[in-house]
Amino acid sequence: MDNVRKTIIIGSGCAGLTAAIYAARANLKPLVVQGHEPGGQLSLTTLVENFPGFPEGIQGPELIENMRRQAERFGAEYLTGDLVSADLRNYPFSLQVGKDVLRTETLIIASGASARWLGLPGEQALIGHGVSSCATCDGFFFSGKEIVVIGGGDSAMEEALFLTRFATKVTLIHRREQFRASKIMLDRARAHPQIKFLPNTVVDDVYDVAKKEVTGLRLRNVKSGESWDFPTSAMFLGIGHIPNTRMFGGQLDLDQDGYLIARDYVFTRVPGVFACGDVQDRRYRQAVTAAGTGCMAALEVEKFLEARGE
Ligand code: NAP
């Protein structure tokens, strides 16, 4: 088939790049399509301490860059552009990426998940002006200031701890009394003298859109109902992620939160289309598990092509 790729990988995070390493080593010359968040969540994180093989830890962006070069060495190619649409009903599959239409015999969806926002009136207008979902990217701008982190999971703890490098005080606001975070992360945050906890509290608004900077939040205690203004210079969100599956609705099975449903780890309902990493994993969501399913997806691509006599 002319101009038809053997395999295309959507997403350049840990899952997509691991799939690319395996597919490239199988001589399938994978094309990795990377969107507006290249490198995925690892590129937005700091020290990764739990990826096997790095006893002292490794910086997330460095880990992802290593994977990228590793795949490239075996022949993976990269294309930057947003996936506009996908036709998985006709074979070979076709994808529109920006203005290009690409055709492929197999597809690996590793499009990951993007940060969740609170949906407050002033929130979107203040992104980049004190509202952020990436402590690593934006923490530096708040040196010597007091800031807030929202969330009760590991991401929120990690962000809060990281931001103590810059901020004089970090207030961690969480909507409940119980925390989802692992004990080790929670204990570290609790023990840190610059981090203060504000549980049972939600944010009803963020000020000040007119000034194009964050000056404070409207907070509410969910138990007492009491509301008050809380001055702060920044609001960092660590409230989880939303899977990037919009392009596949109607063609592949999604669960109620939009995660791709994969059978036997990586099989979607369409033969030849595989899913790996956070886009199909709402349970583990670890770099190492994303890499694991990325590997599986690439091995299944090989088997699929073999079965077609290629
Ligand atoms: P998460 O575990 O799903 O936690 C999200 C937190 O945000 C929860 O506490 C949740 O509150 C809160 N939240 C969600 N929507 C909210 C809303 N609209 N308003 C207010 N609060 C809201 O997500 P995560 O922290 O990003 O972690 C995801 C996975 O990655 C986990 O498996 C975690 O262990 C892993 N991770 C590991 C590390 C590490 O080991 N270094 C670092 C980061 C992440 P409720 O609890 O009330 O639902």
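The values are calculated or read from the model by the stated rules, or taken from the named source; none is laboratory data. Note that the structure is a prediction, hence the values are computed from the model and not measured. Positions of Cβ are generated from backbone atoms using ideal geometry, with glycine treated the same way; all protein chains shown enter the neighbour counts. The accessibility values were calculated without ligands, DNA or RNA, using every heavy atom of the protein model including side chains. Shrake-Rupley method; radii C 1.70, N 1.55, O 1.52, S 1.80 Å.
Each row is one residue, and each column tells you yes or no for (1) free of Cβ contacts under 8 Å to residues at least 40 places away in the same chain; (2) crowded, with 22+ Cβ neighbours inside 10 Å; (3) outside the structural domain of residue 126 (by TED's automatic domain parsing).
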{"position": "147", "(1), (2), (3)": "no, yes, no"}
{"position": "177", "(1), (2), (3)": "yes, no, no"}
{"position": "202", "(1), (2), (3)": "yes, no, no"}
{"position": "205", "(1), (2), (3)": "no, no, no"}
{"position": "219", "(1), (2), (3)": "no, no, no"}
{"position": "230", "(1), (2), (3)": "no, no, no"}
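Applying the selection to segment 37-54, what residues are farther than 16 Å from residue 132 by Cβ and either assigned by TED's automatic domain parsing to the domain that holds residue 158 or surrounded by fewer than 20 Cβ atoms within 10 Å (Cβ to Cβ) (or both)?
Here is the first cut: in segment 37-54, the ones farther than 16 Å from residue 132 by Cβ are 38-40, 42, 47-54.
Within segment 37-54, 38, 47, 49, 50, 51, 52, 53, 54 qualify.
A quick yes/no check of all residues on (1) more than 24 Å from residue 158 (Cα to Cα); (2) in contact with a helix residue (DSSP H, G or I) (Cβ under 9 Å, 6 or more places away or on another chain):
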| residue | (1), (2) |
| --- | --- |
| 189 | no, yes |
| 192 | no, yes |
| 201 | no, no |
| 224 | yes, no |
| 233 | no, yes |
| 236 | no, yes |
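Take the residues in segment 264-310 that are of a type in the set (A, V, I, L, M, F, W, C) and open to solvent by 30 Å² or more (accessible area, probe 1.4 Å); name whichever of them is farthest from the chain's Cα centre (by Cα).
307
Which of the strands (runs of 3 or more DSSP E) contained wholly in segment 148-244 include at least 2 residues that are aromatic (Phe, Trp, Tyr) and either away from the ligand (no atom under 12 Å from the Cβ) or over 26 Å from residue 47 (Cα atoms) (or both)?
Those strands (runs of 3 or more DSSP E) span 227-231.
Within 14 Å of residue 247 (Cα to Cα), of a type in the set (S, T, N, Q) and over 21 Å from the mean Cα position of the chain (by Cα): which single residue out of 111, 85, 94 fits that description?
Answer to the selection: 94.
Please work out which one of (1) among the small types (Gly, Ala, Ser); (2) within 16 Å of the ligand (Cβ to nearest atom); (3) in contact (Cβ under 8 Å) with a residue 24 or more places away in the chain is the condition residue 119 fails and give its number.
All conditions are met except number (3).
Looking at 257, 264, which one is outside the structural domain of residue 167 (by TED's automatic domain parsing) and more than 26 Å from residue 305 (Cβ to Cβ)?
257
Can you confirm whether residue 172 is touching a Leu at 6+ places or on another chain (Cβ under 9 Å) and either more than 20 Å from residue 238 (Cβ to Cβ) or exposed (fewer than 14 other Cβ atoms within 10 Å of the Cβ) (or both)?
no
Just checking, how many residues over segment 76-110 are open to solvent by less than 30 Å² (accessible area, probe 1.4 Å) and in a loop (DSSP other than H, G, I, E, B)?
5
Confirm whether residue 4 is modelled with pLDDT under 95, among the β-branched types (Val, Ile, Thr), over 16 Å from residue 295 (Cβ atoms) and surrounded by fewer than 22 Cβ atoms within 10 Å (Cβ to Cβ).
It is false that residue 4 is modelled with pLDDT under 95, among the β-branched types (Val, Ile, Thr), over 16 Å from residue 295 (Cβ atoms) and surrounded by fewer than 22 Cβ atoms within 10 Å (Cβ to Cβ).
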